[in-house]
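Accompanying notes for the structure given below.
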Amino acid sequence: MGHVGLGCMPMSWAYSSSQQRGDRSVRTVHAALDAGVRLLDTADMYGPFTNELLVGRALKGRRSEAFLSTKCGLLVGDQHIVANGRPGYVRRACDASLRRLQTDVIDLYQLHRADPEVPVEETWGAMAELVAAGKVRALGLCAVGARASRGPGARMHDGTIRQLERVQQVFPVSAVEAELSVWSPEALDALLPWCAARGVGLLAAMPLGNGYLTGTLTPGQGFEPDDPRARHPRFTAEMMAANQPVVAGLRRIAERHGATPAQVALAWVLRQGPHVVPVPGAKRERWAVENAGAARLELDDADLAEIAGLPRARGSWD
């Protein structure tokens, strides 16, 4: 049986301000742990910093129950985000994350993005020193979000694989975090096989399509102005309506199993391999518990064939 993680980003970053409620978020983390979730995924840039503070608060007295993942390498400015992979910065960022998370060790420390001004091997070497120092247990890499930069014939994750092959020469990669869902399956083409061949875990980001695959969003419903989905081309009323057949297919399968569309979407991710862990975000306790329940949903070959036959989602993430 696979496991579902909890992406903590929606609790204090990248969703509307009305959804950022500290006490409720702490209860959500506790509910997830009680439901069997073990992986908690955050980053220093979420907030920035406030998400790590929240997770540290939630794990007070419960640190041993969680596999804790956080990230470094991105700095948030007033109107921009920049990469910083300088070794000195990486060391300072790790110490700061440890303080905010109220822990003496990070289970998985991920490089959010490589700094184009710093050879990735230098950044990775500094992260490897953190393992040697006992501050970090394992290292991971987030996939390059470079859809628009692909040339003719290039695959989605070619750039990520090139980075992985470079850093593997310095210190082993334990996990890669990349988008993977029913409506964004591109990681299956090359990235997942690369990971499987090397025993590298894949953390499936956005496995519920930023909420769309839950079946709880209505085309044209609108979003709060500071919700990124309000400006996302896949969340226009037209595109949401066009992609309803995807949700309808998940709902049909869910009804047969006495489950929800979200649980079917997560169970599909879990069926992609024993080393794949979906990391859905959740803002409320009931959603965290519902998501965790997907680990008990067994999709059969007919279910998988039905999902494979669904229309490809329309619209671009970029």
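The values are calculated or read from the model by the stated rules, or taken from the named source; none is laboratory data. All values reported here derive from a predicted model rather than from experimental measurement. For neighbour counting, all protein chains shown are included, and Cβ atoms are generated from backbone atoms with ideal geometry for every residue, glycine included. Each accessible area value is taken on the protein alone, full model and side chains, heavy atoms only, with ligands, DNA and RNA left out. Shrake-Rupley method; radii C 1.70, N 1.55, O 1.52, S 1.80 Å.
At-a-glance table
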| quantity | calculated |
| --- | --- |
| Condition met for Arg234 (within 22 Å of Gln272 (Cα to Cα) and either out of contact with any Leu (no Cβ under 8 Å at 6 or more places or on another chain) or basic (Lys, Arg) (or both)) | no |
| Test: residue in the stretch 32-44 that is within 18 Å of Leu164 (Cα to Cα), open to solvent by 60 Å² or more (accessible area, probe 1.4 Å) and over 19 Å from the mean Cα position of the chain (by Cα) | no |
| Residues of the stretch 284-307 satisfying the condition of being under 20 Å from Gly211 (Cα atoms) and either surrounded by fewer than 17 Cβ atoms within 10 Å (Cβ to Cβ) or among the aliphatic types (A, V, I, L, M) (or both) | Arg284, Arg286, Ala288, Val289, Ala292, Ala294, Ala295, Leu297, Ile307 |
| Count of the stretch 172-190 residues which are out of contact with any Asp or Glu (no Cβ under 9 Å at 6 or more places or on another chain), hydrophobic (A, V, I, L, M, F, W, C) and not in a helix (DSSP H, G or I) | 5 |
| Count of the stretch 227-256 residues which are closer than 16 Å to Thr214 by Cβ and assigned to a helix (DSSP H, G or I) | 16 |
| Meets criteria (open to solvent by less than 10 Å² (accessible area, probe 1.4 Å) and over 18 Å from the mean Cα position of the chain (by Cα)) for Ala58 | yes |
| Unique match (being modelled with pLDDT under 95, polar (S, T, N, Q) and open to solvent by 10 Å² or more (accessible area, probe 1.4 Å)) among Thr218, Thr214 | Thr218 |
| All strands (runs of 3 or more DSSP E) inside the stretch 74-130 with 3 or more residues being buried (at least 17 other Cβ atoms within 10 Å of the Cβ) | 106-111 |
| Of all residues making up the stretch 180-209, the number that are out of contact with any Lys or Arg (no Cβ under 6 Å at 6 or more places or on another chain), surrounded by fewer than 21 Cβ atoms within 10 Å (Cβ to Cβ), more than 20 Å from Arg38 (Cβ to Cβ) and not small (Gly, Ala, Ser) | 6 |
| Residues located in the stretch 131-156, provided they are part of a loop (DSSP other than H, G, I, E, B), of a type in the set (A, V, I, L, M) and either under 21 Å from Glu52 (Cβ atoms) or modelled with pLDDT of 95 or more (or both) | Ala133, Ala143 |
| Residue in the stretch 223-238 that is surrounded by fewer than 22 Cβ atoms within 10 Å (Cβ to Cβ), among the hydrophobic types (A, V, I, L, M, F, W, C) and over 30 Å from Gln79 (Cα atoms) present | no |
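Yes/no per residue for (1) of a type outside the set (Lys, Arg); (2) within 20 Å of the chain's Cα centre (by Cα); (3) closer than 30 Å to Trp124 by Cα; (4) not in a loop (DSSP other than H, G, I, E, B):
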{"residue": "Val170", "(1), (2), (3), (4)": "yes, no, yes, no"}
{"residue": "Leu192", "(1), (2), (3), (4)": "yes, yes, yes, yes"}
{"residue": "Ala196", "(1), (2), (3), (4)": "yes, yes, yes, yes"}
{"residue": "Glu224", "(1), (2), (3), (4)": "yes, no, no, no"}
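To keep it simple, each residue is scored yes or no on (1) more than 15 Å from the chain's Cα centre (by Cα); (2) in contact (Cβ under 8 Å) with a residue 60 or more places away in the chain.
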site: His232; (1), (2): yes, yes
site: Ala241; (1), (2): yes, no
site: Ile253; (1), (2): yes, no
site: Thr260; (1), (2): yes, no
site: Val276; (1), (2): no, yes
site: Val289; (1), (2): yes, yes
